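Structure record follows, encoded as structure tokens.
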Amino acid sequence: MTDLEIKVENIVSSATLGKSIDLNSVAPALEGVEFNQENFPGLVYKLKEPKTAALIFGSGKLVCTGAKTVEDSKKAIHITVDHMRTLDPDIPHEFEIKIQNIVASANLGKTLNLESVALDLENTEYEPEQFPGLVYRLSDPKVVLLLFGSGKVVCTGAKTFDDAQLGVEKTKERLDELGLF
């Protein structure tokens, strides 16, 4: 394995409370909430600590974005639900939180010729007129990497930090194998 520094940029998690939520009554209980039903069907609730945003839907589904650790993502959902419960005590205390996506970045330390990478590396999409990066899909782990000419990479679709790390490391090894550095 390599000693690449992989940095988590964002974690998206979700929870389903198993109960519909009256957004009009919950909104006033949450300080600094954004709620405009014409523009978006849910509440946007921003927490300062951990610095995240929770999207709350009438169906009882919550989506949390912006966390840098899995622990912070789960903590943010619990804080949000605790705040919601002040106006609706029937909100369940037990619910499952799922990690939906971990976005991480790294620098391979070498520049890439994306035209060559697109020709030699399998499972890629490269349309520089539409997007400056090359899209590389791995099946194990099931992640997508965006490769840039600068050598920077963004990994998305991971469910765990280990999957993000493995995806970046496998990509670097494969590029090395093909002599693309």
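General remarks:
- Centre separation in Å (Cα based) which lies between the range 74-95 and the range 100-130: 40 Å
- Per residue, the average separation of C-alpha pairs within less than 8 Å and at least 6 apart gives the chain a relative contact order of 23 percent.
- Modelled this way, with points 7 Å down the Cα-to-C-beta line, the labels at Lys98 and Asn39 are 2.9 nm from one another.
- Contour minus Cα-Cα distance for Lys46 and Lys152 (0.36 nm per residue): 35.2 nm
- Average Cα contact separation per residue, the range 6-92, under 8 Å, 6 or more apart, as relative contact order %: 36 percent
- Remark: relative contact order (the range 78-181) = 29 percent; criterion is Cα-Cα distance under 8 angstrom and separation of 6 or more residues.
- Taking the number of Cβ atoms within 10 Å of each Cβ as an exposure proxy, the fewest-first ranking of Cys64, Cys155 is Cys155, Cys64.
- Helix axis angle, 70-85 relative to the chain longest principal axis, alpha carbon, degrees: 20 degrees
- For a modelled paramagnetic label at Glu115, 7 Å from Cα along Cα-to-Cβ, the residues of the range 131-158 in reach, with backbone nitrogen under 20 Å, are 131-136, 147-152.
- Rounded FRET efficiency, nearest 0.05, which uses the C-beta distance separating Glu173 from His78 and R0 of 45 Å: 0.70
- Estimated at 0.36 nm per residue, the fully extended path between Val144 and Glu122 surpasses their Cα-Cα distance by 6.7 nm.
- Once mean projected area of the Cα convex hull in nm² is calculated for the structure shown, the corresponding label among (i) 9.0; (ii) 12.1; (iii) 13.1 turns out to be (ii).
- 3J(HN,Hα) from dihedral phi, the range 108-117, Karplus parametrisation 6.51/-1.76/1.60, rounded to Hz, x for glycine, proline: 6, x, 9, 6, 10, 8, 5, 5, 5, 4
Readers should treat all values here as calculations from the given coordinates under stated rules, not as data from a laboratory. All figures in this text were calculated on a predicted structure; none of them were measured in a lab. For neighbour counting, all protein chains shown are included, and Cβ atoms are generated from backbone atoms with ideal geometry for every residue, glycine included.
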